[in-house]
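K.L.:
Can you keep this structure in mind? I'll have questions shortly.
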Amino acid sequence: MAAEVAGQVSTVSTAWAVFSVIGGSLVGAAISAGMTFLTLRKNIAAAKANRDEDRLELRKARGYSLFFKMIRLTSDLHTLGNAVKGCLAEAKEAGFDGLPFQVVRPIAPLPDPVKFAPEEMALVLSLDSGLFNDMGALDELHKSTVALFDMYNTERAKVLERFGAKMDGAVGTTGLTEQEKNWFEPRAFQLNQLVMLMLERTEVDGKEAWSALEKLHATLEKNFDLKHKLERKHPDMLQPQPVA
């Protein structure tokens, strides 16, 4: 009887020992799995933070790129408009009462086109839909206005090449036959219209561009802590100034 009890105790002890080993393995596996999960979650969070930071830097870079494009676009329009106004003012001061195309000289070199990238405009749309509407066509308006100046340069050269002139300093005088006058007058009218259109477009587009530039600057300052301020030293000299 004693031997039988001893055997049962031995068997129970052995079973408990086995259970203890298995239980320890289960607890150890659970702790290991928990640690792995926490590490994985931490790595995922870190990766997401890095992606968010990279995305912010990319958006900021696009904003800066668009900002400097807008500065050049606005400066171009003011520079072109001031060039025409300067020629007309010089003629008036000299007492020359001629046609506009006779005093407005060709402007060269003309500015290169400014093109807003789709990604840049998508950024603006995500920040301010009103600003997106204000800016949406400005690069095309800039392109068409520069094209007017190019047309004027070309057409004016064609007209002047047809006739010689008797020069008195910087002023040339040309005598025209009736036939030459009939050829000249419609082309002179076209050139004068181009001069007026060049003045109008640079004035209107320039104001729209400056207004949009100010709004863009405020938007970038608000969303990306832009460290530049706009300083309009001269109508045709717009420069971003770093803020200390």
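The values are calculated or read from the model by the stated rules, or taken from the named source; none is laboratory data. Computed from a predicted structure; not experimentally measured. Counting neighbours? That spans all protein chains shown, and the Cβs are built from the backbone with ideal geometry, glycine included.
K.L.:
Select, from Leu220, Leu226, the only residue that is outside any helix (DSSP H, G or I), farther than 20 Å from Leu141 by Cα and hydrophobic (A, V, I, L, M, F, W, C).
P.N.:
Numbers: Leu220 fails: outside any helix (DSSP H, G or I).
Just a single option satisfies the conditions, and that option is Leu226.
K.L.:
Six or more apart or on different chains, Cβ atoms under 7 Å: show the pairs whose first residue is in segment 150-168 and more than 18 Å from Thr202 (Cβ to Cβ) and whose second is modelled with pLDDT under 95 and among the basic types (Lys, Arg).
P.N.:
Partner pairs satisfying both residue conditions: Val159/Arg187.
K.L.:
Picking from Ala188, Ala165, which residue would you name as being modelled with pLDDT of 70 or more and either hydroxyl-bearing (Ser, Thr, Tyr) or under 13 Å from Gln102 (Cβ atoms) (or both)?
P.N.:
On inspection, the qualifying residue turns out to be Ala188.
K.L.:
Next up: Sort through Ala108, Ala89, Ala94 and tell me the only one that's under 33 Å from the mean Cα position of the chain (by Cα), loosely packed, with under 13 Cβ neighbours inside 10 Å and at pLDDT below 95.
P.N.:
Going through Ala108, Ala89, Ala94 in turn, the sole match is Ala108.
For (1) of a type in the set (Lys, Arg); (2) modelled with pLDDT under 60; (3) within 30 Å of Asp150 (Cβ to Cβ), each residue gets a yes or a no:
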position	(1), (2), (3)
Met35	no, no, no
Ala47	no, yes, no
Thr79	no, no, yes
Asn82	no, no, yes
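K.L.:
Can I ask one more? Of all residues in segment 105-146, count the ones that are in a helix (DSSP H, G or I) and more than 30 Å from Val159 (Cα to Cα).
P.N.:
Selection size over segment 105-146: 19.
K.L.:
Something else: So, Ala188, is that one of a type in the set (Gly, Ala, Ser) and either surrounded by fewer than 14 Cβ atoms within 10 Å (Cβ to Cβ) or under 23 Å from Ala61 (Cβ atoms) (or both) or not?
P.N.:
Taking the combined requirement at face value, the residue does not satisfy it.
K.L.:
Still on this structure: Return a yes/no flag: does segment 53-75 have any residue that is modelled with pLDDT of 60 or more, surrounded by 15 or more Cβ atoms within 10 Å (Cβ to Cβ) and farther than 24 Å from Ala117 by Cβ.
P.N.:
No, segment 53-75 has no match at all.
K.L.:
Of all residues being acidic (Asp, Glu) and touching a residue at least 12 places away in the same chain (Cβ under 8 Å) in segment 111-123, which is surrounded by the fewest Cβ atoms within 10 Å (Cβ to Cβ)? Just the residue, please.
P.N.:
My answer is Glu119.
K.L.:
Looking at Leu110, Leu99, Leu88, can you tell me which residue is within 30 Å of Ala61 (Cα to Cα), out of contact with any strand residue (DSSP E or B) (no Cβ under 6 Å at 6 or more places or on another chain) and aliphatic (A, V, I, L, M)?
P.N.:
Testing whether each residue is within 30 Å of Ala61 (Cα to Cα), out of contact with any strand residue (DSSP E or B) (no Cβ under 6 Å at 6 or more places or on another chain) and aliphatic (A, V, I, L, M) leaves just Leu110.
K.L.:
Follow-up question, since we're still on this one. What about Val195, is it crowded, with 17+ Cβ neighbours inside 10 Å and modelled with pLDDT of 80 or more?
P.N.:
Yes: the conditions hold for Val195.
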